[in-house]
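Student: Structure below; questions to follow.
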Amino acid sequence: MKVLENKRIVKLSTSTANKIAAGEVVDRPVSVVKELIENSIDAGADSIIVEIEQGGKSYIRITDNGSGILYEDVENAFERHATSKIREAEDLQYINTLGFRGEALASIAAVSRVEIITKTKNNKAGIKLKIAGGTVIEKKETGCPDGTTIIVSELFYNVPARLKFLKQDAAEANLIIDFISKISLAYSNIKFRLINNGKILFSTSGDGNVYKNIVSIYKQEIAHDLIHISEETEIYKLDAYISTPSNTRPSKKHQIFFVNGRYIKSAVLDRSFNNSYHELIPDGRYPVGFIFLQIVPDRIDVNIHPNKREIKFREEKDAEDFIVRVFKAGLRSSVSIPTIKTKRLFKENENVKSETTEQVNINKLLETKQDVSHDIIKEYPVSFKAQETVNIEKQSEIIFSAIEESVEKIEKPFYIMDLNILGTIFSTYILASDAECFYLIDQHAAHERVLYEQLLDALNNEDVITQRLLTPMVIQLSYSEAHNTEMNIELIRGLGYEIEAFGNNAFIIKAIPYMMDFGEGRALLEDVIESLTDEQIFSDKNKIEKIIGRACKKAVKANDHLDEKEIKHLLELLSQMKNPFSCPHGRPVFVKLTKYDVERMFKRV
Ligand code: ADP
Ligand code: MG
């Protein structure tokens, strides 16, 4: 480390002070992009084009059609603590802009080369200003459209220490893409376009249609099979596009929350959303969700620090209950039944597009991206018209209308008992239909679900109904199993077993839960015992659910032939379940084929 020889105190030069201060606002390309886009939004723009190169390290350009900056003010905009958004501290109370600290432009200009071209509506000519490392090096009039273009090049060229900490281009680009994806969803009335290394990554319509934006920004893989849920109370308004249980992902990456129009992170929302899928999806899979919550402002504390994206609900439990209730109601309906994927049986030569072509289209659009001529884009004056590539818009439109149909609306209630039972196949699947759909019902998954809910019910009930065995059974356990059984004997009794120690690690069972036959009763008990550890788990709901879920699976035998009466009985039980659509492990109980799908296969529609 370099040690200064003389320890005199000196005032830092403005440029050094600015460089240091800049670090707080601008630490990587995405923070530049964020600040500039927020300025464009504050300036009332309804069209914002972002172009980046090399992850934003070498080049960032943001063009908007907002208010523009007055000739007299341009230089001031780059001064520290220079803002048009507040005048005095009291104004902070009423702030309705994204920025107000007046630091962003000064910070960015201190650590890069900046060029700004801006024009207000009332001025004939625009102005172009060049700044390097905080110093103005050129200022002149120029012809340009209304609005502002800011180009930031060679970020951190004069702060090598910061440059070293940047990630690879692709990683920096990803952060920017992610940020713009989210902000363009939050501001669906603004048309966003993102260009990366000369290629358009996506472009949103700006017509306020959120679902259309989801389709434009995210791959069809993510945007298809979403359910639209909306609900409004006096305090909350929830509008969400969430995945059906059959469309899950390996991570939570596509769970995006907006509160009162802002992209935020919130443990409460995360928990409420994911808990709504409890038992509907397998462990280790996560639903997709684009969730927009409006809440009366005095119910939340927003941390207005510009880089923090966290909010706090004043009444967390209330918010959580509301969200879980709405999502659960939406998910535990027939929209949760996965549709059997179909293709037309015959090759087409008509103009009707099949589903597969639509998929190819969007993939092509998103993966190979559209080439736009670099030079045109970089040329001045910038005009929105010149940059329109009609093609990409048209393409998005086609894709959108193709997928729009696939957003399921929650329709009329679905009554299992109204199904028309047609028989079984492979001794495992029940066939059934109603006016709109044909269903396959996995007999074992159904049975598992019924057993599971009945057992959990039994546990929650004081007086459990049991069935006495004519001949009691004795089970012999290992020393540790016997110990664990002793520890958790109340749990086993709660399920409906009459069980007592019988000496020498043996137990005698005189009664089993009423809904099982002897074989199931024994298999379940053995499995429960095997899963027990030497801690008492009577009050650990999660653990108990896991153990019982696993045990049910084993207890339900494969290839059990059911006769008509048994099928009826099983469906009747299933219809009384809280969640009849999946087994306790998140596998589906039903799959369906709509009448429309069948007709498509036979080329009738
Ligand atoms: P803040 O946004 O906190 O006011 P900034 O440093 O980001 O501070 O911007 C300084 C000022 O420059 C803003 O208050 C605004 O008046 C002006 N400005 C910045 N960007 C734009 C833009 N794209 N369009 C119009 N005015 C802008
Ligand atoms: Mg700002």
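Student: Farthest toward the dipole's positive end in the stretch 457-605, which of Leu570, Ile492, Leu525, given Cβ charges of +1 (Lys, Arg) and -1 (Asp, Glu) about the Cα centre?
Tutor: Leu570
Student: Take the Cα coordinates of the stretch 512-605, assign each an equal point scatterer, and use the Debye formula without solvent to give log10 I(q)/I(0) at q = 0.14, 0.18, 0.23 Å⁻¹.
Tutor: Rounded to two decimals, the profile gives -0.71, -1.01, -1.35.
Student: Using all alpha carbons of the stretch 186-302, what is the percent of pairwise distances in each 5 Å bin, ordered from the shortest bin to the longest?
Tutor: 2, 10, 19, 22, 20, 14, 9, 3, 1, 0
Student: Continuing with the same structure: Could you give the length gained on full extension between Asn275 and Phe518, defined as 0.36 nm per residue of separation minus the Cα-Cα distance, in nm?
Tutor: 84.0 nm
Student: Using a Förster distance of 22 angstrom, determine the FRET efficiency expected from the C-beta separation of Lys312 and Asn174, and round it to 0.05.
Tutor: Between Lys312 and Asn174 the formula returns 0.15.
Student: To the nearest Å, what is the center-to-center distance of the stretch 63-119 and the stretch 306-336, using C-alpha atoms only?
Tutor: 36 Å
Student: Rounded to the nearest percent, how much of the accessible area of the stretch 201-296 (1.4 Å probe, protein heavy atoms only) is carbon and sulfur?
Tutor: 46 percent
Student: Where only protein heavy atoms count, and the probe is 1.4 Å, what is the accessible area per residue for the stretch 482-605 in Å²?
Tutor: 52 Å²
Student: Related question: Let me know the shape class of the stretch 456-569, please: from the alpha-carbon gyration tensor, a ≥ b ≥ c as square roots of the eigenvalues, rounded when a/c is under 1.5, otherwise prolate if a/b is greater than b/c, or oblate.
Tutor: Taking the square roots of the gyration eigenvalues as a ≥ b ≥ c, the stretch 456-569 is prolate.
Student: Using 7 Å Cα-to-Cβ label points, what is the Phe165/Ser433 separation (nm, one decimal)?
Tutor: Between Phe165 and Ser433, the simple spin-label model gives 6.6 nm.
Student: Rounded if a/c is under 1.5, else prolate if a/b is larger than b/c, else oblate: which is the stretch 20-88, with a ≥ b ≥ c the root eigenvalues of its Cα gyration tensor?
Tutor: Cα axes put the stretch 20-88 in the oblate bin.
Student: Run through the stretch 1-103 and list the trypsin sites (Lys or Arg not before Pro) located in a DSSP loop whose Cβ has at most 11 other Cβ atoms within 10 Å.
Tutor: Lys2, Lys7, Arg8, Lys11, Arg87
Student: Further, regarding this structure: Once you have a ≥ b ≥ c as the square roots of the Cα gyration tensor eigenvalues for the stretch 91-216, tell me rounded if a/c is under 1.5, and otherwise prolate or oblate according to whether a/b is larger than b/c.
Tutor: oblate
Student: How much FRET efficiency would the formula 1/(1 + (r/R0)^6) give for Thr533 and Ile20, where r is the Cβ-Cβ distance and R0 is 41 Å, rounded to 0.05?
Tutor: After rounding, the FRET efficiency stands at 0.15.
Student: Please compute the modelled spin-label separation between Ser246 and Glu566, points set 7 Å along Cα→Cβ, answer in nm with one decimal.
Tutor: With each label point 7 Å from Cα toward Cβ, the separation is 2.7 nm.
Student: What's the extension gain from Arg101 to Ala506 if we count 0.36 nm per residue and subtract their Cα-Cα distance?
Tutor: Length gained between Arg101 and Ala506: 138.4 nm.
Student: By how many nm would the segment from Lys595 to Ile421 lengthen if fully extended, with 0.36 nm per residue of separation less the alpha-carbon distance?
Tutor: Full extension of this stretch gives 61.0 nm more.
The values are calculated or read from the model by the stated rules, or taken from the named source; none is laboratory data. This structure is a prediction, so every number in the text was calculated from the model and none was measured. All Cβ positions, even for glycine, are placed from backbone atoms using ideal geometry, and neighbour counts span all protein chains on display. Side chains included, ligands, DNA and RNA excluded: accessible areas come from the protein's heavy atoms. Shrake-Rupley method; radii C 1.70, N 1.55, O 1.52, S 1.80 Å.
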